[in-house]
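Asks: This is the structure I have questions about; it appears just below.
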Amino acid sequence: MIDGQNTLDAFAGDDDRTDSMTGSVYDGGVRSLTLDEIEMLEHNGCTASDWNAIAVADDFTPKYLRNVAFYGEVKLGVFEKQIELEDGFMRHSGISNAVLRDVSVGDNCLIENIGCYISRYDIGEECYIANVGRISADEGASFGDGNVVSVLNEAGNGNVVIYEGLTSQMAAFMLFCSSDEVLWKELKASVSRLVNSRRHERGVVGYRVKIVNTREIANTIVGDECEINGASRLSECTLACSPVAGIFIGSDVICENTVVAAGAQVISGARVDNCFVGEACHIGSGFSAESSLFFANSYMDNGEACAAFCGPFSVSHHKSTLLIGGMFSFYNAGSGTNFSNHAYKLGPVHYGTLERGTKTASGAHLLMPARIGSFSMLMGKIQNHPDTHNLPFSYLIASGDTTYLVPGRNVITVGTYRDVGKWQRRDMRQRDTKQSIVRFDWLSPYTVLAAIRGLKTLENLRKEQGEGAASYNYGGCVIRNQSLLKGINYYNMLIRLYMGEAVKDHYCELPESSIGTGEWLDMGGMIVPETEITQLADDIRNGAVDDVQAMEERFAMMHGNYESYKWNWTYRVILDYYGLDTITDADMERITDEYETARREWTNGIRYDAEREYALGDVDDRVLDDFLAKLG
């Protein structure tokens, strides 16, 4: 037998490869090739720069290796069984027509027809790799993990670090901290420590991975159960599958400097560069994305995104739709939607926020900076940089140079009613492995606080600009008299809906603390008191928290305390709204009665909206009847 001790020593010292590969190659013993095995390999058309540099599993047999060229140190498992390539289609494992350089191959892989070579990769068990041009990893590669990107401000210096495990709340927190140089430095250092602690020295292809008909894979970590089929190029990427949710990369895809999370798919000619593609996200049909983040069930086809923060359930289906310089969540983009972030003076530095639940109609165009309140609808070319944060559920309609604002109108539409009911049902993430925290409440302290301020804003406009005015001016928008009066009613209805729902579970209960009684934030889908986020920032700044896992645990704690914080806020809102010192049984009865009245007004408004659509003539009777039955 050829002496293989040097080979064994070389592999024994590589802890990173041991951790990154599954399979009996690492579980059992390894040995050198025998002379008979070398002879059989050569008979099968195989060559090696040094047969001594090849180590194999104890039960290795060369029968299923043909036309393989070995360079450097190579480690091989066993090839003893068939693997399933597709449903019912089985083929025996083995390697043929391939060049392997400094590669380890797990048990029962099928590797064939490698056009160039596979270099510096550890390949797990039962992988199928065929018709691939090149798979290689360079020394010092980052694999996209720890890449800093600039979102919102396209011309910025970088404000989010993308890494395996990034959550929407952590990304939003980075944006929250990025203007504080000391805090941002500490936060970035914490992420760097996490990334460096798990840095791979070589490329990894995990367990039961399928890579076929793909041109080039460079410096990419391919997680367990991932499938790459027909891609053009993956470079400096991490495909971070979970044990229960794989990743699919499809035809003609170019994906660079990007991290892709479990359950996601990037397919059909998509181009993705400097991005994070989150859990169960879809990017396809030629969609182009640069320096953008996509979280939790976002769905992007045909259009473009640049410097966009696409929070949970952001959707863009249409061509000629550009999401640029904006923060979105629970968002639906109409065809031809566009955002302008460039004033041709200081560069593309402008950005804005469309708060959760916002929609844009076909052909909508919004000039940044702008901030649009939750669950609003935008129509036309809006040029006046509106800030309607405190007027949620509104319509903004551009007509020429004028932007009309219809406050609160969207609270009684069929579209909003259907939207708030569908998102939770459409969460495709695996229940036990969800990473980003998503709160689905459409009425929360965050949205209701905005409605309370909207109510006061409208009442003040009437006092300041005259009760009999034909229209009112608000931030460059025009509110017609009737729209303002209806808006006051809508916001009162919404507030009473919220309070009535809240008291059902807290009958005459006193708050546990004052946490939550101030401002609230939407942190990438997580609704949380601002004081809790500020406290976390302070703890990072003073060194009390310096670990990413600890930060995520704090987010989880905030989320777990949501109902308690929410009641702390709601109790005080009820006292203020009704002018009370405490809530008595009689007050509870009044709140409940007004809730019932508000609910009837709300459902009647939605019913009327549905019947108007039915009157257009192309809605089936059964569709309308089913909807009204569910509405109650």
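Asks: Does the stretch 454-494 hold any residues that are open to solvent by 80 Å² or more (accessible area, probe 1.4 Å), in a helix (DSSP H, G or I) and within 17 Å of Ile397 (Cα to Cα), and which are they?
Replies: Of everything in the stretch 454-494, those that are open to solvent by 80 Å² or more (accessible area, probe 1.4 Å), in a helix (DSSP H, G or I) and within 17 Å of Ile397 (Cα to Cα) turn out to be Gln482, Lys486.
Asks: Here is a check on your reading of the model: is Lys434 surrounded by fewer than 19 Cβ atoms within 10 Å (Cβ to Cβ) and more than 25 Å from Glu279 (Cα to Cα)?
Replies: Numbers: surrounded by fewer than 19 Cβ atoms within 10 Å (Cβ to Cβ): yes; more than 25 Å from Glu279 (Cα to Cα): no.
It is false that Lys434 is surrounded by fewer than 19 Cβ atoms within 10 Å (Cβ to Cβ) and more than 25 Å from Glu279 (Cα to Cα).
Asks: Report, by residue number, each residue of the stretch 183-205 that is aliphatic (A, V, I, L, M) and over 25 Å from Arg134 (Cα atoms). Let's see the steps before the verdict.
Replies: Step one: of the stretch 183-205, the residues aliphatic (A, V, I, L, M) are 183, 187, 189, 191, 194-195, 204-205.
If the condition is that a residue be aliphatic (A, V, I, L, M) and over 25 Å from Arg134 (Cα atoms), then Leu183, Leu187, Ala189, Val191, Leu194, Val195 are the ones that fit.
Asks: Next up: Checking the structure you have, find out if any residue of the stretch 150-157 is crowded, with 21+ Cβ neighbours inside 10 Å and in a strand (DSSP E or B).
Replies: Scanning the stretch 150-157 turns up no residue that is crowded, with 21+ Cβ neighbours inside 10 Å and in a strand (DSSP E or B).
Asks: When the residues of the stretch 336-365 are filtered to those that are of a type in the set (Gly, Ala, Ser) and open to solvent by less than 10 Å² (accessible area, probe 1.4 Å), which remaining residue is nearest to Tyr446 (Cα to Cα)?
Replies: Taking the stretch 336-365 and keeping what is of a type in the set (Gly, Ala, Ser), we get 336, 340, 343, 347, 352, 357, 361-364.
Those left that are additionally open to solvent by less than 10 Å² (accessible area, probe 1.4 Å): 352, 357, 364.
Details: Gly352: 18, Gly357: 13, Ala364: 26 Å.
Among residues in the stretch 336-365 that are of a type in the set (Gly, Ala, Ser) and open to solvent by less than 10 Å² (accessible area, probe 1.4 Å), the one nearest to Tyr446 (Cα to Cα) is Gly357.
Asks: Looking at Ile217, Ile283, can you tell me which residue is modelled with pLDDT of 95 or more, of a type in the set (A, V, I, L, M) and more than 20 Å from the chain's Cα centre (by Cα)? So that I can check it myself, show each step before the final result.
Replies: On the way: Ile283 fails: more than 20 Å from the chain's Cα centre (by Cα).
Answer to the check: Ile217.
Asks: Here is a follow-up. Any residue that is within 22 Å of Ala451 (Cβ to Cβ) and touching an Asp or Glu at 6+ places or on another chain (Cβ under 9 Å) - is there at least one of those in the stretch 536-548?
Replies: Here is the first cut: in the stretch 536-548, the residues within 22 Å of Ala451 (Cβ to Cβ) are none.
No; the residues of the stretch 536-548 include none that is within 22 Å of Ala451 (Cβ to Cβ) and touching an Asp or Glu at 6+ places or on another chain (Cβ under 9 Å).
Asks: Scan (1) surrounded by 15 or more Cβ atoms within 10 Å (Cβ to Cβ); (2) more than 30 Å from Arg193 (Cβ to Cβ) for the single condition Leu580 breaks and write down its number.
Replies: It fails just one condition, (1).
Asks: Where in the stretch 190-258 are there strands (runs of 3 or more DSSP E), lying wholly inside it, with at least 3 residues that are in contact (Cβ under 8 Å) with a residue 60 or more places away in the chain?
Replies: Working: elements: 203-205, 210-222, 227-229, 233-240.
By residue number, 203-205, 210-222, 233-240.
Asks: So Tyr121 passes all but one of these: (1) in contact with a helix residue (DSSP H, G or I) (Cβ under 9 Å, 6 or more places away or on another chain); (2) open to solvent by less than 10 Å² (accessible area, probe 1.4 Å). Which condition number does it fail?
Replies: Going through the list (1) in contact with a helix residue (DSSP H, G or I) (Cβ under 9 Å, 6 or more places away or on another chain); (2) open to solvent by less than 10 Å² (accessible area, probe 1.4 Å), Tyr121 breaks only (1).
Asks: Continuing with the same structure: If only one of Asp522, Asp539 is of a type in the set (Asp, Glu), at pLDDT 95 or above and assigned to a helix (DSSP H, G or I), which one is it?
Replies: Details: Asp522 fails: assigned to a helix (DSSP H, G or I).
None of the others qualify; the one that does is Asp539.
Asks: Identify, please: which residue in the stretch 271-288 is without any contact (Cβ under 8 Å) to a residue 60 or more places away in the chain, of a type outside the set (Val, Ile, Thr) and under 24 Å from Thr433 (Cβ atoms) and is, among those, most open to solvent (accessible area, probe 1.4 Å)?
Replies: Taking the stretch 271-288 as the starting set, the residues that turn out to be without any contact (Cβ under 8 Å) to a residue 60 or more places away in the chain are 271-273, 277, 281-288.
Filter once more, so that each one left must be of a type outside the set (Val, Ile, Thr): 271, 273, 281-282, 284-288.
After this cut, where a residue has to be under 24 Å from Thr433 (Cβ atoms) as well, the list is 281-282, 284.
On the way: Cys281: 2, His282: 18, Gly284: 0 Å².
Among those that are without any contact (Cβ under 8 Å) to a residue 60 or more places away in the chain, of a type outside the set (Val, Ile, Thr) and under 24 Å from Thr433 (Cβ atoms), it is His282.
Asks: Let me ask you something else. Filter the stretch 378-408 down to the residues that are over 12 Å from Tyr474 (Cβ atoms) and open to solvent by 40 Å² or more (accessible area, probe 1.4 Å) and list them by number.
Replies: Passing the criteria: Met379, Lys381, Gln383, His385, Tyr395, Ile397, Ser399, Gly400, Asp401, Thr402.
Asks: Under 9 Å by Cβ, and 6 or more places apart or on different chains, what pairs join a residue from the stretch 29-40 that is over 17 Å from Arg66 (Cβ atoms) with one that is of a type in the set (D, E, K, R) and not in a helix (DSSP H, G or I)?
Replies: Close Cβ pairs (under 9 Å, with a partner that is of a type in the set (D, E, K, R) and not in a helix (DSSP H, G or I)) amount to Gly29/Asp58; Val30/Asp58; Val30/Lys75; Arg31/Asp58; Ser32/Asp3.
The values are calculated or read from the model by the stated rules, or taken from the named source; none is laboratory data. This one's a predicted model, so the numbers in the text were calculated from it and none came from an experiment. Ideal geometry is used to build each Cβ from the backbone, glycine not excepted, and the neighbour counts take in all protein chains shown. Remember, those area values only see protein heavy atoms, side chains included, never the ligands or the DNA or RNA. Shrake-Rupley method; radii C 1.70, N 1.55, O 1.52, S 1.80 Å.
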